[in-house]
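Enquirer: I have a structure I would like to understand better, so I am pasting it below and will then ask my questions one at a time.
The values are calculated or read from the model by the stated rules, or taken from the named source; none is laboratory data. All values reported here derive from a predicted model rather than from experimental measurement. Accessible surface areas use protein heavy atoms only, side chains included; no ligands, DNA or RNA. Shrake-Rupley method; radii C 1.70, N 1.55, O 1.52, S 1.80 Å.
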Amino acid sequence: MKKITLLTLMLFCIFSKAQTTYSYDWNMQSTNQQISIDVGDTVVWTWGPGSHNLISTSGTHTFDSEYHGQGYTYSLTFNEPGVTDYTCTPHASMYGTITVNSAMSVGSSER
């Protein structure tokens, strides 16, 4: 009986923190995006007018969406805590930082 109780408690702890998906626009108004999420969360960026890419420039995560036009969506699940800066290569005004908090963090800021 103790094993079942312990297993139930462990499963509750694991699944009590549901992953969340956050959506952001990626266009010429995407200046200094500051995103704070938890490990296991997913961010989806949707391209606005023009041709853009989304590429990490420093930090924990490495990604490169390549170039796409309006309506394209790029999705990434962040499974490691840390801070990563990103940009749109031809549009220096389009940039941001994503902070991925560890599972032990209490709450995240701006979403």
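Enquirer: Over the alpha carbons of the stretch 32-111, what is the largest minus smallest coordinate on each principal axis, giving the biggest first in Å?
Expert: Each principal axis gives a Cα extent; for the stretch 32-111 these are 39, 22, 19 Å.
Enquirer: Solvent-accessible area per residue for the stretch 59-101 at a 1.4 Å probe radius, Å²?
Expert: So the stretch 59-101 comes to 52 Å² accessible per residue, rounded to a whole number.
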